[in-house]
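Below is one structure, written out as structure tokens, with a few remarks after it.
The values are calculated or read from the model by the stated rules, or taken from the named source; none is laboratory data. Everything numeric in this text was worked out from a predicted model, so none of it was measured. When we count neighbours, we look across all protein chains shown, and the Cβ atoms used for this are built from the backbone with ideal geometry, even at glycine. Accessible surface is based on the protein model in full, side chains and every heavy atom, while ligands, DNA and RNA are left aside. Shrake-Rupley method; radii C 1.70, N 1.55, O 1.52, S 1.80 Å.
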Amino acid sequence: TSNEGLNTLANIGITTTARAVEIDGQKYMNQDDFVSAIAPEEDYKKIQKEQFGILFRIADNGKKGLISFQDFVIFENLLSKPDAEYEIAFRLFDVEGKGKITIEQFKNILSSNVTPDSIPFDFDCDWLKLYVGRAPEKKHELAYEEFTQLLKGLQAERLRQEFKFYDKEGIGYITPDNFKKIILSIARHKISDYVIENLPTLCNLYAGNKINYASIVAFHNVVRQMDMVERIVHKAISESGDGKITKNDFLNTASRETRFSLFTPLEADIIFHFAGLGNPSGRLSRHDFAQLLDPKVVGELLYRNSIDCFRKVIHNEGLLGLYSGLGPQLVGVAPEKAIKLTVNDFFRARFKNKETGAIPIFYEILSGGIAGGCQVIFTNPLEIVKIRLQIQGEVAKNVDIPRKSALNIIKDLGLFGLYRGASACLLRDIPFSGIYFTTYAHIKKDIFGEGPNKKCGIVELLIAGAVAGMPAAYLTTPADVIKTRLQVEVRKGQTGYSGIFDAYRKILREEGLKAFFKGGPARVFRSSPQFGTTLMVYELLQRWLPWSSSEEQVGKVVSAVTDTGDLGHLK
């Protein structure tokens, strides 16, 4: 419904209150069922849910308000045709089913399906008379082929009429607000929210505070050719050395990819104006263009930084949105931490000098690294389910989109899918634990003076754990960024990644080195108190519980196992 041939239908909506029924053992769809079937993941922000009812009207061959399975099969076959958008529009206007459309039918359908605040269309315009004739008594009917050409040019005529309506003084300029009204009325469903928000800034393209007709026509042409813009941008970026292009790079690629000059200098200016609003350097990356090209920019492009993310989550989802994905964390955090802490103590006891109690720093790092590697068996499934639960928050404000539960995500992923990105998870967790446990041990020993005759207090344990979590979290952020990009469900407008090295190359080329540290401060703010509390509680439990899992006790376990080869001495 968002193709060029259906632009005129963007404001049409049919509503029905019929419910799904079963007649003589055969099930029928009502309008809601039908819309859910043809647009299961539509957010209904650019095209309202009721507006999809236009297609229901086309599919309802019997005009009974219900659609049988056979009706749906016929409609689905219609959608598969290359000119489906034009044929659907033709059937809507051809109310008598004669294969031709009269000027009166065209007027009635178009007039009856526009919003009350729309600019009235002038059916007495010269443009329409060229199609149907000037003589009132000799106006001819439009066959399918003629109608498709009229429909293709209708948006440009609407743009001309609406510009003339707002340019009451006839000076060839309108205000930025009126420009925004025109574009929203004819192409809202084709442009991103980011562009919609910044439409008035077109007046800053050149000197002045108003917008001329040439700029509006150029903008409309860019919108109509957005698929070609995307193709040329991707081609130009793939050929650039650093993943960034200038306006000249774009125009040169366009001239090579097309037989004739497809974009004027003014249209190129408009493309780079909206894509470069956040980057005035003139050299733009795929990240910059995504804000222009995709009507639904999501994922890593949605949030500029941690503060912006926090603000938008609160705004869109409320306070509970900050706790999305908490369920899987609660289920898996206990075994994950148990494995990490126990394995670290196990290997520290194994590598400790029995006489001096010292552990070479290499073996401290190795013990932590092994512990981090062992925990991935629990960490990776938790991470991928948590990420996909949290990413649903991007469309949380679109209440018509069903949200998946953790069980549904697990079912969709399958066993092997739960370990997608496991290599990147290892790349993050091994160095994290190696850095963390080593730093933690040395803060306790070298700063707080812990030894055989002195144990750190609660505050000292908390500080040691919190401080150790800071470098561990921040320095492993690049691996966490890569892991997240591999595990997130790729949506339209987002770059897909096939593995660690592919993700590294694409992120570096498209977003630069800084992208690898996105979310770094947020990781520090999360990991520092989390691990400070975890290690403090862990060490206190070691002291208070009858069975101690301290390094000394683990050392006894290790010695018993390695010296005797059985568990007899553990009784």
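Observations
- Peptides ranked, highest mean first, by Cβ atoms within 10 Å: ranges 467-480, 276-289: 467-480, 276-289
- FRET efficiency estimate (nearest 0.05) - Cβ-Cβ, S423 to N279, R0 25 angstrom: 0.15
- With the biggest extent put first, the Cα atoms of segment 52-134 measure 44, 27, 22 Å across the principal axes.
- Label zone (N108, point 7 Å along Cα-to-C-beta; backbone nitrogen cut-off 18 Å) within segment 72-100: 89-100.
- Per-residue 3J(HN,Hα) values for segment 260-277, derived from phi via the Karplus relation 6.51 cos²θ - 1.76 cosθ + 1.60 with θ = phi - 60°, read 10, 5, 8, 10, 7, x, 5, 5, 5, 4, 5, 4, 6, 5, 6, 6, x, 4 Hz in sequence order (x marks Gly and Pro).
- Two-site FRET efficiency, E145 against F123, from Cβ-Cβ distance with R₀ of 30 Å, rounded to 0.05: 0.90
- Stretching the chain fully between N209 and E137 yields a gain of 21.2 nm (0.36 nm per residue, less the alpha carbon separation).
- Label-point separation, N221 to L475 (7 Å along Cα→Cβ), nm: 5.6
- Segment 36-179 shape via C-alpha gyration tensor axes, a/c threshold 1.5: oblate
- Inter-label distance for K168 and S498, nm, one decimal - labels placed 7 Å from Cα along Cα-to-Cβ: 6.0
- A 1.4 Å probe run over the protein chains yields, for segment 72-228, 52 Å² of accessible area per residue, whole-number rounding.
- Alpha carbon convex hull of segment 128-274, projected area averaged over orientations, nm²: 11.5
- Residue by residue, segment 60-68 carries 3J(HN,Hα) couplings of 7, 4, x, 6, 9, x, 9, 10, 7 Hz when phi is fed to the Karplus relation 6.51 cos²θ - 1.76 cosθ + 1.60 (θ = phi - 60°); x denotes Gly or Pro.
- Were the residues from Q26 through D177 laid out at 0.36 nm apart, the gain over their Cα-Cα distance would be 49.1 nm.
- ³J(HN,Hα), Karplus 6.51/-1.76/1.60, whole Hz, each residue of segment 432-442, x for Gly, Pro: 4, 5, x, 5, 5, 5, 5, 5, 4, 5, 6
- Nitroxide proxy distance, nm - points 7 Å out along Cα→Cβ at K411 and L513: 4.7
- Centroid-to-centroid, using Cα positions, segment 169-209 and segment 440-477 are 57 Å apart.
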